[in-house]
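**Q** Sharing a structure below in structure tokens format, with a few things to ask.
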Amino acid sequence: MKKSVAFSNNQIRMAGELFTPDNLDETTKIPAIVCTHPAGAVKEQSPALYAEYLAEMGFIVLTFDASHQGASGGEPRFLENPFERVDDIRSAIDYLTSLPFVDASRIGAFGICAGGGYSVSAATTERRIKAVAGVSATDAGSAIREGWDGSITPAEQIKMLESVAAQRTAEANGGEIMYMAYVPETIDETTAVTMREAHEYYRTPRAQHPNSQNKVMFTSLDRLLTFSATDRIDSLLTQPLLMIVGSESDAMHFSQKFYEKAASEKKELFIVENATHIDLYDVMTHVKPAIRKLGAFFTENL
């Protein structure tokens with residue numbers, strides 16, 4: 001069962017979808033999970049796939065579009081503000097606690113790619129999250145600050161910030177908003193593997209969605225550069241933690257860092273053999289073991 005829902009993150013109207021078991025008894029209270037989408041994605045893509053299966057396992061699952069993106073409100077459009085995206089998760093939990101059939105003491109969170117990093121960051125200070133997981137999780141701040149492979153130098157970071165400053169001045173004085181693409185619109189043999197796979201996922205009929213427009217404001221970069229999904233997880237992230245990553249993912253180092261740094265006494269790095277980063281979005285031979293692991297993890301810890 002799935003229905004469209006709405007909730008608020010301060011003044012922003014958030015668009016969500018609530019997945020429930022087919023045999024839901026609304027007089028009982030059952031555990032719930034918040035699922036957060038990758039950067040540039042929308043709830044109808046990979047989150048919906050995972051949510052459907054987790055609902056079949058007996059969980060309430062809430063997916064949603066990020067503030068400023070998809071069907072959610074928020075101006076300016078196409079802003080990627082990591083701090084606000086963490087607040088999106090808090091607001092989603094607020095909404096879940098208002099549902100009479102949700103057990104507010106048994107709420108979990110997980111996310112895919114950047115959504116995994118945002119979920120980890122939220123769980124660090126959001127104690128209503130009793131267990132947290134990531135699928136192909138990344139730290140959006142680190143990916144911008146140091147690059148996917150860690151090769152960006154501090155000098156290059158400063159140059160990036162100077163460019164953002166110049167663009168903010170231009171826009172404040174009537175200039176056009178500058179946008180970047182999350183993934184390449186065209187690919188060739190020189191395109192990095194993950195970016196090639198991301199193009200095939202997001203920009204072809206495989207998973208293309210009209211609300212996922214492959215646009216992000218250039219001036220998002222200053223916020224992203226200062227964000228760290230691992231901030232204080234070595235002291236405050238004590239909830240059970242599960243990181244699921246493909247053995248062939250070139251972003252595995254993000255999941256490894258989350259796993260190694262978290263203060264959680266109960267944590268696991270689960271590797272799906274032969275899967276790439278994007279495979280865990282929708283390739284069912286790899287998604288099924290990931291979902292089984294998520295289901296077992298949340299069943300045990302919620």
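The values are calculated or read from the model by the stated rules, or taken from the named source; none is laboratory data. In this text, all values refer to a predicted model and were calculated from it rather than measured experimentally. Glycine gets a Cβ as well: all are built from the backbone with ideal geometry, and neighbour counts include every protein chain shown. Side chains included, ligands, DNA and RNA excluded: accessible areas come from the protein's heavy atoms. Shrake-Rupley method; radii C 1.70, N 1.55, O 1.52, S 1.80 Å.
**Q** What's the local net charge at T153, with K and R +1, D and E -1, over the other residues with C-beta under 13 Å away?
**A** Value of the local net charge: -1.
**Q** Take D25, D103 and sort them by solvent-accessible surface of the protein heavy atoms, 1.4 Å probe, largest at the top.
**A** Result, largest first: D25, D103.
**Q** Arrange the peptides 250-261, 144-155, 35-46 so that the one whose residues have, on average, the most other Cβ atoms within 10 Å appears first.
**A** Per-residue Cβ counts within 10 Å, averaged per peptide and sorted highest first, yield 35-46, 250-261, 144-155.
**Q** If you put +1 on each Lys and Arg Cβ and -1 on each Asp and Glu Cβ, how big is the dipole of segment 127-284 around its Cα centre, in Debye rounded to 20?
**A** Value, rounded to 20: 820 debye.
**Q** Rounded, prolate or oblate: which fits segment 172-302, taking a ≥ b ≥ c as square roots of the Cα gyration tensor eigenvalues, rounded meaning a/c under 1.5, else prolate when a/b beats b/c?
**A** It is oblate, given that a/c is not under 1.5 and a/b is not larger than b/c.
**Q** Here's a follow-up. Of the listed pairs K29/K130; K2/K288; K215/K261, which have alpha-carbon separations greater than 26 Å here?
**A** K215/K261
**Q** With a probe of 1.4 Å, find how much accessible area segment 253-292 has per residue, and write the answer as a whole number in Å².
**A** It amounts to 51 Å² per residue over segment 253-292.
**Q** Using the alpha-carbon atoms, what tilt in degrees (0 to 90, nearest 10) does helix 284-301 show relative to the longest principal axis of the chain?
**A** 60 degrees
**Q** Here's a follow-up. Consider the candidate values (1) 27; (2) 45; (3) 32; state which one is percent of Cα pairs over 30 Å apart computed from the structure displayed.
**A** Among (1) 27; (2) 45; (3) 32, the one calculated here is (1).
**Q** To the nearest 10 degrees, how steep is helix 252-261 against the longest Cα principal axis of the chain, on a 0 to 90 scale?
**A** The answer is roughly 60 degrees.
**Q** Assuming a ≥ b ≥ c are the square roots of the Cα gyration tensor eigenvalues, decide whether segment 125-172 counts as rounded (a/c under 1.5), prolate (otherwise, with a/b larger than b/c) or oblate.
**A** oblate
**Q** Size of the dipole of the chain about the Cα centre, Lys and Arg at +1 and Asp and Glu at -1 on the beta carbon, nothing else charged, in debye to 20?
**A** That gives a dipole near 700 debye.
**Q** Calculate how steeply helix 82-97 sits against the longest principal axis of the alpha-carbon atoms of the chain, using the helix alpha-carbon long axis, and give the answer as 0 to 90 degrees to the nearest 10.
**A** Value to nearest ten degrees: 20.
**Q** Cut-off under 15 Å on the C-alpha distance; same-chain residues fewer than 8 positions from K267 excluded. Which aspartates and glutamates are left, in chain and number order?
**A** Leaving aside aspartates and glutamates fewer than 8 places away in the same chain, those within reach of K267 are D234, E300.
**Q** Could I ask something else about it? What part of the accessible area of the chain, given as a whole %, is carbon or sulfur when the probe is 1.4 angstrom?
**A** 51 percent
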